[in-house]
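The values are calculated or read from the model by the stated rules, or taken from the named source; none is laboratory data. All of these numbers come straight from a predicted model, not from anything done at the bench. Note that each Cβ is placed from the backbone with ideal geometry, even for glycine, and that neighbours are counted across all protein chains shown. We work out accessible area using only protein heavy atoms, side chains counted, and drop any ligands, DNA or RNA first. Shrake-Rupley method; radii C 1.70, N 1.55, O 1.52, S 1.80 Å.
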Amino acid sequence: IGVGLVGFGLFFILFGILLYFDSVLLAFGNILFLSGLVFIIGFKRTFTFFFQRPKLKGTSFFFGGVLIVLMRWPLLGMLLEAYGFITLFR
């Protein structure tokens with residue numbers, strides 16, 4: 001279930017980007033991706049991964065970007081998410 005949710009999440013994010021940053025598709029993709037991640041590695045491990053002290057900057061940018069996409073500013077939200085994603089996995 002988790003791998004399917006992550007796959008659909010990535011598909012919706014890619015499809016939302018291809019359709020000129022459609023905010024509904026991007027928001028749906030973000031929600032599916034995060035819920036799939038929770039199904040794959042568990043809630044506790046997901047929480048500890050995102051909220052480690054050295055990764056708080058990347059986490060805040062990533063979740064801030066998700067929030068901005070949900071508020072219908074998709075381009076700015078995706079830029080913040082990309083920066084947060086790069087900072088998280090650097």
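Data overview
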quantity	calculated
Any chance Phe21 is surrounded by fewer than 18 Cβ atoms within 10 Å (Cβ to Cβ) and in contact with a Leu (Cβ under 6 Å, 6 or more places away or on another chain)	yes
Matching residues in region 34-74 - criterion: being part of a helix (DSSP H, G or I), in contact (Cβ under 8 Å) with a residue 24 or more places away in the chain and either open to solvent by 100 Å² or more (accessible area, probe 1.4 Å) or in contact with a strand residue (DSSP E or B) (Cβ under 9 Å, 6 or more places away or on another chain) (or both)	Phe39, Lys57
